[in-house]
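One structure below.
The values are calculated or read from the model by the stated rules, or taken from the named source; none is laboratory data. If you're wondering where the values come from, they're calculated on a predicted model, not measured in any experiment. Positions of Cβ are generated from backbone atoms using ideal geometry, with glycine treated the same way; all protein chains shown enter the neighbour counts. For accessibility, only protein heavy atoms count, side chains too; no ligands or nucleic acids. Shrake-Rupley method; radii C 1.70, N 1.55, O 1.52, S 1.80 Å.
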Amino acid sequence: MATVRLLSDDELGDEARAVFAEIRAARKTDHVNDFWRALAHDPVSLRRTWESLKQVMGPGTIDPLVKEMLYVAVSIANGCDYCIHTHTASARAKGMSEAQFLELVAIVGMASETNRMVTAFGIDVDERWRDPA
């Protein structure tokens, strides 16, 4: 359940309306996710978040599908149900197969388990892995 009221299109201020138009154009859809509708209460944060998301998830050296899969992995690790669902849908739209999704979940689970074990053991990083070169 949302902690803020989700704004309808009729309730948007001019800046939020402009960002929503950009979201619709970029995603080629009339639908604007509820995340953006909650964030529309703060048009400055809405604009900043949209600009950052476009930059980070836009064209770069990492394949768009890999970017979405990374977003899913971090969302699983952080327990964000909303982001897990929306970015899994986006990854599937970019070609992620069911087998890839299941493998991704297994990797996240394994990494989470071993991360907790290493943390509990207080193991320092091996000397050979400390040099970034």
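Scanning the range 28-48 turns up no residue that is in a helix (DSSP H, G or I), over 27 Å from Thr3 (Cα atoms) and not polar (S, T, N, Q). Just name the residue that is farthest from Ala26 (Cα to Cα) out of those in the range 78-93 that are free of Cβ contacts under 8 Å to residues at least 40 places away in the same chain and surrounded by 14 or more Cβ atoms within 10 Å (Cβ to Cβ). If we take residues in the range 78-93 being free of Cβ contacts under 8 Å to residues at least 40 places away in the same chain and surrounded by 14 or more Cβ atoms within 10 Å (Cβ to Cβ), then Cys80 is farthest from Ala26 (Cα to Cα). Residue count for the range 54-65 under the criterion of being in a helix (DSSP H, G or I), over 11 Å from the mean Cα position of the chain (by Cα) and loosely packed, with under 15 Cβ neighbours inside 10 Å: the result is 2.
Considering every residue within the range 1-10, establish whether at least one is surrounded by fewer than 13 Cβ atoms within 10 Å (Cβ to Cβ), touching a His at 6+ places or on another chain (Cβ under 9 Å) and not in a helix (DSSP H, G or I). Checked against the condition, which is being surrounded by fewer than 13 Cβ atoms within 10 Å (Cβ to Cβ), touching a His at 6+ places or on another chain (Cβ under 9 Å) and not in a helix (DSSP H, G or I), the range 1-10 yields at least one hit. Looking at this structure, is Arg37 open to solvent by less than 50 Å² (accessible area, probe 1.4 Å), out of contact with any Pro (no Cβ under 7 Å at 6 or more places or on another chain) and over 29 Å from Ala106 (Cα atoms)? Answer is yes for this residue.
Candidates Glu51, Glu68, Glu103: the one that is open to solvent by less than 40 Å² (accessible area, probe 1.4 Å), acidic (Asp, Glu) and assigned to a helix (DSSP H, G or I) is Glu68.
Hey, does the range 110-125 have a residue that's assigned to a loop (DSSP other than H, G, I, E, B), among the hydrophobic types (A, V, I, L, M, F, W, C) and farther than 25 Å from Val56 by Cα? So far as the range 110-125 goes, yes, one or more of its residues are assigned to a loop (DSSP other than H, G, I, E, B), among the hydrophobic types (A, V, I, L, M, F, W, C) and farther than 25 Å from Val56 by Cα.
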